[in-house]
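Participant: This structure is in structure tokens; I'll ask about it shortly.
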Amino acid sequence: MPARLRRTLLATAMAATLVAAAACGGADDDQQSASGPVTLVVKTFSQFGYDALYKQYEASHPGVTIKEDNIGKLGDYSPKLQQWMTAGSGAGDVVALEEGIISQYVAKPDKFVNLLDKGADALKPDYLDWKWNQALTADGKTLIGLGTDIGAQGMCYRKDLFAQAGLPTDREQVGALWPTWDAYLATGKRFLIANTGAKFYDSSSGMYQNILMQQGDHTYYDKANTFVADSNPAVRSAYDQTVGMIQAGLSADLDQYSPQWNAGFKKGTFATIACPSWMLATIQKQAGPENAGKWDVAKVPGNGAVRGGSFLAVPKQSKHQDQAVELVKFLTSAKGQIGAFQAKGNFPSSPQAIDDPVVQGLTNAYFGNAPVGKIFGASAKAVKPVYLGPANVAIGDRFTNALLAVEQGKLPPAEAWSKAIDEAKRLVK
Amino acid sequence: MVTQQRPRAAVKPPAPPRPRERGSLLSRWDLKASPYLYISPFFLLFAVFGLFPLLYTAWVSLHNWDLGGDGGFIGLDNYATLFGDPDFWNAVVNTLGMLVLATVPQLLLAMVVAALLNQQLRARLLLRMGVLLPIVTSVAAVGIVFSQIFDRDAGMVNGLLHLVGVSPIDWRADKWSSWIAISTMVDWRWTGYNSLIYLAAMQSIPRELYEAATVDGASKIRQFRSITVPMIRPAIVFTVIMSTIAGMQLFTEPLIFGQGTYAISGGSLRQFQTVSMYMFEKAFRDADLGYGSAIAWMIFLLITILAVINFLVTRRSAK
């Protein structure tokens, strides 16, 4: 019966935020002049690895105290963020925006401080071009956030399964097996013939997103925010390539983050998985120590790839906008990104940080000492910028669900495609 | 001489001088107002956390309200769209389907369990408390455990089916299979709760009725049908309405069963998406708060309609 409470709770939350909004005029009692002591509230999800950086910043900026308010899961964080932004209060001074979330807000930039007004244009060379552009409005006049990490992507694979299938196991040679996705498909077919009992990859949604993001330029929307998913050949081609891999029987048909998927790492039910840098920790945790040394990382098919990654932004509702912008600049600087990378392995989005020996020299013992810093760095730099429109995540959900229905054998690919297009159109209205 | 001896109206003794005018006024107010004051906490809380959100949701539902906040008054547009939205009706059908699939066996089973618990048993109290245990478990835990039981590759149900030669079922891929899996979770949690309600009602049935029936030679089953069920009818009406309300708001079980990153859609083709899930998806995944509010109000209306139907049907059958 907690389900019964859910609607009431939602409504209550909306009401509460409204009340808070009404009250917020005089609520902020630590409002101070720019020079006085301030507390900056930073809202994050998951792990940003900023603890040490906060201490550094506090030491060099007397009078500034930083309080991080962390919400574990992105799924829980993003509705809360929506409430704060809609209600005009609660968002604190700095908010973390994930790649998927930021595209919604870039379409409505008025809720955030325009960082271009705060001298951010001088920092442009400190970020990868496409990362910078993701936080920039289509007219190029407003920048709502600065990049933190990126999910630079590689292809993780099981050496023991590759050996059983008579494929090379050395990461250079494995990477050479798949310069393109077609080559990856061909390798997958070779793998299946060997009949190891495992499928070639875990889930089609990951592959689809990967291929789509490599097509470059734009996906479901053009740069004027017009819906073009049905006419953009890039989307169709990513979809068709994924369907091709499903039809070849490559997919283990495991929904990512489901218990079967988790168990799949341990049982070795799939041989490869497209792995953003943050995924390595997941693999290591799920596959467990008994599988140490079986996994390795190679380059991803095509020209690099990224999936996920975040930004820091300052909401207009912040009472200490200038101090908050300073903090954002510090945390997202090359130095800050290296610090976060050392703390939690979040891969930097700053070319200077990527080229830093600390990052370049990183290897991962669990993955056979793979030089992950080099592999992910090369992947990140090879990626072409992609423009993501406002409802990008919601539309993407429709397409991955269509692919899942194809995987389950519930719809033929053509029907699933038109269903996804229909749903997406209704969504955009 | 007839004297009409009507009792003389007693002369009111002069009122004792009121020591303090204000004090008496207060005590009069006290008499009149304090009962309202005592019951006010509920109504105040209800106004703040029940009525206000309800009305505010209605207000939002009349607007084009998204991430940027109020995008203008659009009247009943959201509702008009909703009526033509196949995903919404799909969610309604799913919710009603699972409601029937979960409630009917649940209440029948609860009745049987209650009848059994009403017997002279050893460790009766322990058994009675035992049936309540499932409710103590968190829904999330139930969802996770049952998701594994109904797992496609390594699930216990498919394992058992394999023993009798049935090929494994992808429980999430079809409507019927996912509905069964989710209804099982609901049944597991709520059967005990309902049977305790029935048990309480059964306890109030006079023993003599059963004794007389036994003397007349009625079997236990006959007694159950002709005495027990009619006597606990008010409890049945209550549980039917409560289960309907809960069933219309089914959310957590299908959400956890769905798994994955886009679980809120309830399967690849929305096989088991309930109305509450659809509301959440529109409001918080697609950031269309106005539309989400319209769905919330439709849930409210649907529950009201169903409750009334339930009430009428059960009252009619009582006659």
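Participant: Testing B:Asn90 on (1) open to solvent by 20 Å² or more (accessible area, probe 1.4 Å); (2) at pLDDT below 95; (3) within 22 Å of A:Ala424 (Cα to Cα), one condition comes back false. Which one is that?
Facilitator: So B:Asn90 meets the others, but not (2).
Participant: Further question: Quick one: what pairs do we get from region B:134-157, first residue facing chain A (nearest Cβ under 8 Å) and among the small types (Gly, Ala, Ser), second surrounded by 19 or more Cβ atoms within 10 Å (Cβ to Cβ) and in a helix (DSSP H, G or I), C-beta under 9 Å, 6+ apart or different chains?
Facilitator: Listed by first residue and then by second, the contacts come to B:Ser147/B:Ala181; B:Ser147/B:Met185; B:Ser147/B:Ile256; B:Ser147/B:Phe257; B:Ser147/B:Gly258; B:Ala154/A:Gln260.
Participant: What is the residue count in region A:351-376 for residues that are in contact (Cβ under 8 Å) with a residue 40 or more places away in the chain, under 22 Å from A:Lys335 (Cα atoms) and out of contact with any Pro (no Cβ under 9 Å at 6 or more places or on another chain)?
Facilitator: 2
Residue-wise test of (1) more than 14 Å from every other protein chain (Cβ to nearest Cβ); (2) in a helix (DSSP H, G or I); (3) modelled with pLDDT of 95 or more.
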{"site": "B:Val166", "(1), (2), (3)": "yes, no, no"}
{"site": "B:Ala173", "(1), (2), (3)": "no, no, no"}
{"site": "B:Trp179", "(1), (2), (3)": "yes, yes, yes"}
{"site": "B:Trp188", "(1), (2), (3)": "no, yes, no"}
{"site": "B:Thr191", "(1), (2), (3)": "no, yes, no"}
{"site": "B:Ile205", "(1), (2), (3)": "yes, no, no"}
{"site": "B:Glu208", "(1), (2), (3)": "yes, yes, no"}
{"site": "B:Ala212", "(1), (2), (3)": "yes, yes, no"}
{"site": "B:Val215", "(1), (2), (3)": "yes, yes, no"}
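Participant: If a residue must be crowded, with 21+ Cβ neighbours inside 10 Å, of a type in the set (A, V, I, L, M, F, W, C) and either touching a helix residue (DSSP H, G or I) at 6+ places or on another chain (Cβ under 6 Å) or assigned to a loop (DSSP other than H, G, I, E, B) (or both), how many such residues does region A:210-245 contain?
Facilitator: Result for region A:210-245: 6.
Participant: Pick out the one residue from B:Phe238, B:Phe300 that is under 18 Å from the mean Cα position of the chain (by Cα), open to solvent by 20 Å² or more (accessible area, probe 1.4 Å) and touching a residue at least 60 places away in the same chain (Cβ under 8 Å).
Facilitator: B:Phe300
Participant: Test A:Phe191 against the stated conditions and say whether it is touching a Phe, Trp or Tyr at 6+ places or on another chain (Cβ under 7 Å) and part of a helix (DSSP H, G or I).
Facilitator: Against the criterion (touching a Phe, Trp or Tyr at 6+ places or on another chain (Cβ under 7 Å) and part of a helix (DSSP H, G or I)), A:Phe191 qualifies.
Participant: Say we look at region A:295-338 and pick out the residues that are within 16 Å of A:Gln47 (Cα to Cα) and surrounded by fewer than 23 Cβ atoms within 10 Å (Cβ to Cβ); which of these is modelled with the lowest pLDDT?
Facilitator: A:Gly308
Participant: Turning to a different aspect of this structure: Scan region A:103-124 for residues that are open to solvent by less than 60 Å² (accessible area, probe 1.4 Å) and either within 11 Å of another protein chain (Cβ to nearest Cβ) or part of a helix (DSSP H, G or I) (or both) and report the count.
Facilitator: 11
Participant: Do we find a residue being aromatic (Phe, Trp, Tyr) and open to solvent by less than 20 Å² (accessible area, probe 1.4 Å) anywhere in region A:404-426?
Facilitator: Scanning region A:404-426, I find no residue that is aromatic (Phe, Trp, Tyr) and open to solvent by less than 20 Å² (accessible area, probe 1.4 Å), so the answer is no.
Participant: Regarding region A:145-163, can at least one residue be identified that is of a type in the set (Val, Ile, Thr), more than 30 Å from A:Pro315 (Cβ to Cβ) and either within 17 Å of the chain's Cα centre (by Cα) or crowded, with 20+ Cβ neighbours inside 10 Å (or both)?
Facilitator: The answer is no; no qualifying residue exists.
Participant: Scanning region B:51-87 for residues that are free of Cβ contacts under 8 Å to residues at least 12 places away in the same chain and open to solvent by less than 20 Å² (accessible area, probe 1.4 Å), which turns out farthest from the other protein chains (Cβ to nearest Cβ)?
Facilitator: Once the filter is applied, the top-ranked residue is B:Asp85.
The values are calculated or read from the model by the stated rules, or taken from the named source; none is laboratory data. The structure presented is a predicted model; accordingly, all values stated were derived computationally and were not measured. Cβ: placed from backbone, ideal geometry, glycine included. Neighbour counts: every protein chain shown. SASA here: full protein model, heavy atoms, side chains in, ligands and nucleic acids out. Shrake-Rupley method; radii C 1.70, N 1.55, O 1.52, S 1.80 Å.
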